[in-house]
Amino acid sequence: MDVKDIIKEENLAYKKTKVLTDNEMHYCPGCTHGVVHKAIAEVIEEKDIQEKTIGISPVGCSVLAYNYIDIDWQEAAHGRAPALATAVSRLMPEKYVFTYQGDGDLASIGSAEILHACNRGENIMVIFINNGIYGMTGGQMAPTTLPGMPTSTSPYGRDVKLAGNPLKMTEIVAQLPGTTFVARHSAETAGAVRKLKKAIRKAFDNIDEKKGTSFIEVVSTCSSGWKLQPDASNKWMKENMFPFYELGVLKDE
């Protein structure tokens with residue numbers, strides 16, 4: 001490869017995808033949402049399915065995702081994105097339908113919806129952002145908050161005797177017969193983002209092949225909720241979240 005080819009390749013690598021809008025993102029510095037948005041948008045462009053993709057976002061930090069990814073969107077009530085995605089996918093089976101949900105939404109008020117959608121094997125992709133906290137409403141304890149992890153509603157740390165154990169949603173849905181691809185990734189490094197993009201592409205390919213539900217968890221940071229600087233948040237995530245929420249592919253049929 002000569003210098004011109006290298007320059008051309010680098011220009012392509014750093015070119016902003018047309019599927020992302022020019023709107024300035026409202027997310028806090030260091031937030032993982034923007035990185036995941038970019039990964040989804042790039043896969044949509046690479047597959048040339050911008051006009052065929054419909055995103056479903058519920059209440060939470062992801063509620064304004066429609067402002068950043070230039071596709072058709074539907075807003076759902078808190079936790080109800082899988083139910084709405086079921087309707088959209090069944091009414092328009094030729095579309096690529098996905099939900100974009102946080103842990104407070106999917107693992108708490110929406111736990112019934114996600115379990116039943118996955119059990120039915122709805123032909124959709126689920127993107128599950130897990131930062132172990134309610135990021136939008138003040139940093140309260142979530143179903144995914146780690147044991148001993150302090151939050152605004154558990155200032156001395158999560159006590160499993162009082163609040164129970166954290167829910168490992170990815171392990172739970174992997175056991176359901178309707179899921180065909182279940183994986184847990186992160187997005188804190190370039191290498192991690194490449195793996196995440198590969199998983200997102202696979203999930204969209206599974207929709208093409210009518211394989212059922214693809215579920216991708218992204219273990220993420222919440223600098224504001226964790227009361228840490230972005231670099232410290234990444235370090236804390238690696239030291240505490242990754243050992244509990246192990247990265248990798250749990251199911252691939």
Q: Would you mind telling me which numbered condition in (1) over 25 Å from ALA39 (Cβ atoms); (2) out of contact with any Leu (no Cβ under 7 Å at 6 or more places or on another chain) VAL193 fails?
A: (1)
Q) Residues in the range 196-210: is at least one surrounded by fewer than 21 Cβ atoms within 10 Å (Cβ to Cβ) and in a loop (DSSP other than H, G, I, E, B)? A) yes
Q.
Which condition from (1) of a type in the set (A, V, I, L, M, F, W, C); (2) crowded, with 18+ Cβ neighbours inside 10 Å; (3) more than 16 Å from the chain's Cα centre (by Cα) is the one that VAL219 breaks?
A. (3)
Q. What pairs can you find where one residue is in the range 218-242 and among the hydroxyl-bearing types (Ser, Thr, Tyr), the other is surrounded by fewer than 22 Cβ atoms within 10 Å (Cβ to Cβ) and assigned to a loop (DSSP other than H, G, I, E, B), and their Cβ atoms are less than 7 Å apart, with a gap of 6+ or different chains?
A. THR221/GLY30; SER223/CYS28; SER223/PRO29; SER223/GLY30; SER223/GLN229; SER224/CYS28; SER233/GLY30
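Taking the conditions exactly as written (at pLDDT below 95 and surrounded by fewer than 16 Cβ atoms within 10 Å (Cβ to Cβ)), does PRO29 satisfy them or not?
On the way: at pLDDT below 95: yes; surrounded by fewer than 16 Cβ atoms within 10 Å (Cβ to Cβ): yes.
Answer is yes for this residue.
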Q) Identify, please: which residue in the range 64-82 is surrounded by fewer than 21 Cβ atoms within 10 Å (Cβ to Cβ) and part of a helix (DSSP H, G or I) and is, among those, farthest from the chain's Cα centre (by Cα)? A) ASN67
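Working carefully through the options VAL59, VAL88, find the one that is within 18 Å of GLY110 (Cα to Cα), under 17 Å from the mean Cα position of the chain (by Cα) and surrounded by 15 or more Cβ atoms within 10 Å (Cβ to Cβ). Before you say what the answer is, go through the steps one by one.
Numbers: VAL88 fails: under 17 Å from the mean Cα position of the chain (by Cα).
Only one candidate qualifies: VAL59.
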Q.
When you scan the range 176-183, do you find a residue that is over 24 Å from VAL43 (Cβ atoms) and either at pLDDT 95 or above or among the polar types (S, T, N, Q) (or both), even just one?
A. yes
Q: Identify, by number, the condition in (1) assigned to a loop (DSSP other than H, G, I, E, B); (2) under 18 Å from ILE124 (Cα atoms) that VAL59 doesn't meet.
A: (2)
**Q.** Test: ALA192 is free of Cβ contacts under 8 Å to residues at least 60 places away in the same chain, of a type outside the set (Phe, Trp, Tyr) and either in a helix (DSSP H, G or I) or surrounded by 23 or more Cβ atoms within 10 Å (Cβ to Cβ) (or both)
**A.** yes
Q) Does ALA174 satisfy being over 20 Å from HIS78 (Cβ atoms) and either polar (S, T, N, Q) or touching a Leu at 6+ places or on another chain (Cβ under 9 Å) (or both)? A) yes
(Q) Which of the numbered conditions does ILE69 fail, given that it passes all the others? Conditions: (1) touching a strand residue (DSSP E or B) at 6+ places or on another chain (Cβ under 9 Å); (2) at pLDDT below 95; (3) not charged (D, E, K, R). (A) (2)
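The values are calculated or read from the model by the stated rules, or taken from the named source; none is laboratory data. Predicted model, so just to flag it, every value in this text is computed and none were measured. Counting neighbours? That spans all protein chains shown, and the Cβs are built from the backbone with ideal geometry, glycine included.
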